[in-house]
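Structure record follows, encoded as structure tokens.
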Amino acid sequence: MSQTAAFAPLHSRALIAASGPDWRSFLQGLITQDVETLKPGEARFGALLTPQGRLLYDLFVVGREDGAWLDVEAAHRDALLQRLSMYRLRAKVTLAADETPVSILFPAAGRGEVARPASGVWARDPRHPDLGWRGYGAEPPPGAVRVSEAEREAQKLRLGVPGPADWGVDRTYPIEANFDLLNGIDFRKGCFVGQETTSRMKRRGQIKSRMLPIAFVGPPPALGTEILAGELRAGEVLSGIDGRAMALVRLDRALGAALTADGRPVRVEAPDWLQTSENPSGDNAA
């Protein structure tokens with residue numbers, strides 16, 4: 001391996017197995033990601049939205065020889081299965097819970113490349129190279145350090161990558177959660193549920209709010225704590241750890257401003273992957 005790897009079981013994730021002759025066309029018309037060209041062993045990040053374009057459930061679609069796995073939040077698997085069944089109608093697709101465990105292999109230092117293990121089922125996390133490899137029924141490779149899922153979540157937060165604890169269910173638009181910058185939306189694939197609102201937000205170019213990490217001293221402010229720029233509301237605190245949290249911020253008020261949360265100073269730290277891909281407002285996005 002190129003560097004020491006950390007291995008964490010992801011107990012918060014669970015699988016749905018999709019199979020049958022229509023599984024691709026079925027998912028293609030529903031989720032934000034293209035699956036028509038998905039190859040076995042490849043993972044693509046996406047979501048199922050409400051018809052109004054808000055995030056319901058995130059998912060990774062993992063290609064298999066005879067179908068795909070949907071890598072989803074374990075707490076929401078039953079609800080997602082029920083929702084997908086509503087759309088199935090006459091499609092020849094089988095959807096079933098699969099108890100294969102999910103894990104992650106990522107750089108122990110938090111950043112850098114980790115080589116794909118020589119054995120086991122692994123798919124690269126498509127959101128960012130430093131996020132490593134997602135494992136399915138896989139054992140940790142030799143030399144990997146076993147860590148907790150909490151350490152993986154801390155790595156994501158250091159990289160500025162939000163997660164389900166930040167966007168919840170049916171309250172956030174995917175572009176606000178940076179799905180457009182983390183390979184979570186294919187704008188060329190054609191129709192999907194919630195496409196009209198999502199495409200309109202992208203075409204306008206000006207994104208009013210995004211999830212960005214904030215830094216501070218001490219424990220994180222409580223979830224939902226208001227972020228202020230002087231007396232103006234500039235956002236709210238989402239999930240966090242000591243010294244760092246994710247926040248949904250108004251870009252016109254939060255960037256470059258003196259901010260406080262719960263009476264304490266905080267500062268926005270836009271991740272380098274966002275700064276190099278485009279400016280945080282989403283102007284001129286490719």
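The values are calculated or read from the model by the stated rules, or taken from the named source; none is laboratory data. Fair warning: this is a prediction, and the values are worked out from it, not measured in the lab. Cβ placement follows ideal geometry from the backbone for every residue including glycine, while neighbour counts extend to all protein chains displayed.
Kindly indicate which of Arg152, Arg134 is surrounded by 16 or more Cβ atoms within 10 Å (Cβ to Cβ), part of a helix (DSSP H, G or I) and more than 12 Å from the chain's Cα centre (by Cα). One residue alone meets the criteria, Arg152.
Go through the range 65-74 and report how many residues are assigned to a strand (DSSP E or B) and either among the β-branched types (Val, Ile, Thr) or free of Cβ contacts under 8 Å to residues at least 60 places away in the same chain (or both). Can you show your working first?
First pass over the range 65-74, keeping only residues assigned to a strand (DSSP E or B): 67-73.
The next check asks that each one be either among the β-branched types (Val, Ile, Thr) or free of Cβ contacts under 8 Å to residues at least 60 places away in the same chain (or both); those that pass are 67-68, 70, 72.
Residues in the range 65-74 being assigned to a strand (DSSP E or B) and either among the β-branched types (Val, Ile, Thr) or free of Cβ contacts under 8 Å to residues at least 60 places away in the same chain (or both): 4 in total.
Confirm whether Leu157 is in the same structural domain as Arg77 (by TED's automatic domain parsing), at negative phi and either in a loop (DSSP other than H, G, I, E, B) or over 10 Å from the mean Cα position of the chain (by Cα) (or both). Full working, then the answer.
Values: in the same structural domain as Arg77 (by TED's automatic domain parsing): yes; at negative phi: yes; either in a loop (DSSP other than H, G, I, E, B) or over 10 Å from the mean Cα position of the chain (by Cα) (or both): yes.
It is true that Leu157 is in the same structural domain as Arg77 (by TED's automatic domain parsing), at negative phi and either in a loop (DSSP other than H, G, I, E, B) or over 10 Å from the mean Cα position of the chain (by Cα) (or both).
A single entry from Val93, Val62, Val102, Val114 fulfils the requirement of being surrounded by 14 or more Cβ atoms within 10 Å (Cβ to Cβ), touching a helix residue (DSSP H, G or I) at 6+ places or on another chain (Cβ under 6 Å) and touching a residue at least 24 places away in the same chain (Cβ under 8 Å): Val93.
For every residue, the table says whether it meets (1) closer than 21 Å to Pro162 by Cβ; (2) free of Cβ contacts under 8 Å to residues at least 40 places away in the same chain.
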{"residue": "Ala14", "(1), (2)": "yes, no"}
{"residue": "Ala18", "(1), (2)": "no, no"}
{"residue": "Gly29", "(1), (2)": "no, no"}
{"residue": "Glu36", "(1), (2)": "no, no"}
{"residue": "Ala47", "(1), (2)": "yes, no"}
{"residue": "Gln52", "(1), (2)": "yes, no"}
{"residue": "Asp78", "(1), (2)": "no, yes"}
{"residue": "Met86", "(1), (2)": "no, yes"}
{"residue": "Phe106", "(1), (2)": "yes, no"}
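Taking the options Ile207, Ile214, name whichever one is buried (at least 20 other Cβ atoms within 10 Å of the Cβ) and modelled with pLDDT of 95 or more. First the steps, then the outcome.
Values: Ile207 fails: modelled with pLDDT of 95 or more.
Selected residue: Ile214, the only one of Ile207, Ile214 that is buried (at least 20 other Cβ atoms within 10 Å of the Cβ) and modelled with pLDDT of 95 or more.
In the range 171-273, counting only strands (runs of 3 or more DSSP E) that sit wholly within it, the ones holding 1 or more residues that are at negative phi, touching a Leu at 6+ places or on another chain (Cβ under 9 Å) and of a type in the set (Asp, Glu) span 232-241. Looking only at the range 177-201, residues that are within 27 Å of Gly235 (Cβ to Cβ), under 18 Å from the mean Cα position of the chain (by Cα) and charged (D, E, K, R) come to 1 in all.
Just to verify a result, which residue in the range 117-133, among those that are in contact with a helix residue (DSSP H, G or I) (Cβ under 8 Å, 6 or more places away or on another chain) and not acidic (Asp, Glu), is nearest to Asp186 (Cα to Cα)?
Taking the candidates together, the pick is His128.
Being surrounded by fewer than 22 Cβ atoms within 10 Å (Cβ to Cβ), over 24 Å from Leu181 (Cα atoms) and without any contact (Cβ under 8 Å) to a residue 12 or more places away in the chain narrows it down to one of Glu231, Glu226, so name that one.
Glu231
Of the residues making up the range 136-159, just one is in contact with a His (Cβ under 8 Å, 6 or more places away or on another chain) and more than 17 Å from Arg111 (Cβ to Cβ), namely Glu149. If the condition is being small (Gly, Ala, Ser) and within 12 Å of Tyr57 (Cα to Cα), then the range 147-176 contributes Gly163, Ala165, Gly168.
Does Leu56 satisfy the condition of being in a strand (DSSP E or B), in contact with a strand residue (DSSP E or B) (Cβ under 7 Å, 6 or more places away or on another chain) and over 16 Å from Phe26 (Cβ atoms)? Walk me through it before giving the result.
On the way: in a strand (DSSP E or B): yes; in contact with a strand residue (DSSP E or B) (Cβ under 7 Å, 6 or more places away or on another chain): yes; over 16 Å from Phe26 (Cβ atoms): yes.
Here the answer is yes, as Leu56 does meet what is asked.
Selection of the range 236-274 for residues being small (Gly, Ala, Ser), surrounded by fewer than 22 Cβ atoms within 10 Å (Cβ to Cβ) and in contact (Cβ under 8 Å) with a residue 24 or more places away in the chain yields Ser239, Gly243, Ala257, Ala258, Ala270.
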